[in-house]
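Inspection log for the structure reproduced underneath, given as structure tokens.
The values are calculated or read from the model by the stated rules, or taken from the named source; none is laboratory data. Please read all numbers here as calculations on a predicted model, not as lab measurements. Don't worry about glycine lacking a Cβ; one is built from the backbone with ideal geometry, like all the others, and counts go over all protein chains shown. Surface areas here come from the heavy atoms of the whole protein model, side chains and all, with no ligands, DNA or RNA. Shrake-Rupley method; radii C 1.70, N 1.55, O 1.52, S 1.80 Å.
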Amino acid sequence: MKISMHGKTALVTGAASGIGRAVAIALAQAGATLIVNHFQRAAEAEQVAAQILASGGRAVVAEADVTDAIQVRRMVEACGGIDILVNNAGVILEKPFLDIT
């Protein structure tokens, strides 16, 4: 079954690489307009958006640290709201569990 996302705006956090990149591209192929979120990875996010645009899709790049509520609010407001949210952003902490605050 093919699902249409035409007319929907999707925000994918951590969309500059890996799973986020793949999800962003898949949603764009289904017709969604993409907000390609990244934090300090502008070049990679721009490549994802360029790939979406080259295949006829719609995409914008938005930098925001998703651990900061103010940055997230500003990002969503700047993009005019969202219909689909994919919380994909993550970090790898290389320290003992008890040392993580």
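Considering segment 1-22 alone, what residues qualify as being buried (at least 18 other Cβ atoms within 10 Å of the Cβ), in contact (Cβ under 8 Å) with a residue 40 or more places away in the chain and outside any strand (DSSP E or B)? Reasoning before the result, please.
The first filter runs over segment 1-22 and keeps only residues buried (at least 18 other Cβ atoms within 10 Å of the Cβ), leaving 5, 9-16, 20-21.
Applying the additional criterion that residues be in contact (Cβ under 8 Å) with a residue 40 or more places away in the chain yields 5, 9-15, 20.
Scanning segment 1-22 gives M5, T13, G14, A15, G20.
Just checking, which of H6, H38 is over 15 Å from the mean Cα position of the chain (by Cα) and not polar (S, T, N, Q)?
Details: H38 fails: over 15 Å from the mean Cα position of the chain (by Cα).
Exactly one residue qualifies, and that residue is H6.
I'm trying to understand the selection: among the residues of segment 59-101, which are under 12 Å from the mean Cα position of the chain (by Cα) and free of Cβ contacts under 8 Å to residues at least 24 places away in the same chain?
Answer for segment 59-101, where residues must be under 12 Å from the mean Cα position of the chain (by Cα) and free of Cβ contacts under 8 Å to residues at least 24 places away in the same chain: just V72.
Of all residues in segment 73-101, which are out of contact with any Ser or Thr (no Cβ under 9 Å at 6 or more places or on another chain) and surrounded by 15 or more Cβ atoms within 10 Å (Cβ to Cβ)?
M75, V76
Of everything in segment 59-82, what is among the hydrophobic types (A, V, I, L, M, F, W, C), assigned to a loop (DSSP other than H, G, I, E, B) and farther than 17 Å from E46 by Cα? Give them in sequence order. Walk me through it before giving the result.
Of segment 59-82, the ones among the hydrophobic types (A, V, I, L, M, F, W, C) are 59-62, 64, 66, 69-70, 72, 75-76, 78-79, 82.
With assigned to a loop (DSSP other than H, G, I, E, B) added as a condition, the list becomes 64, 66, 79, 82.
Those that are among the hydrophobic types (A, V, I, L, M, F, W, C), assigned to a loop (DSSP other than H, G, I, E, B) and farther than 17 Å from E46 by Cα: V66, I82.
Would you confirm, using the coordinates I've provided, whether A45 is in contact with a strand residue (DSSP E or B) (Cβ under 7 Å, 6 or more places away or on another chain), touching a residue at least 24 places away in the same chain (Cβ under 8 Å), of a type outside the set (D, E) and within 21 Å of R74 (Cβ to Cβ)? I'd like the intermediate steps shown before the answer.
Details: in contact with a strand residue (DSSP E or B) (Cβ under 7 Å, 6 or more places away or on another chain): yes; touching a residue at least 24 places away in the same chain (Cβ under 8 Å): yes; of a type outside the set (D, E): yes; within 21 Å of R74 (Cβ to Cβ): yes.
Yes.
With respect to G56, is the statement that it is open to solvent by 40 Å² or more (accessible area, probe 1.4 Å) and touching a residue at least 40 places away in the same chain (Cβ under 8 Å) true?
Values: open to solvent by 40 Å² or more (accessible area, probe 1.4 Å): yes; touching a residue at least 40 places away in the same chain (Cβ under 8 Å): no.
Criteria not met by G56.
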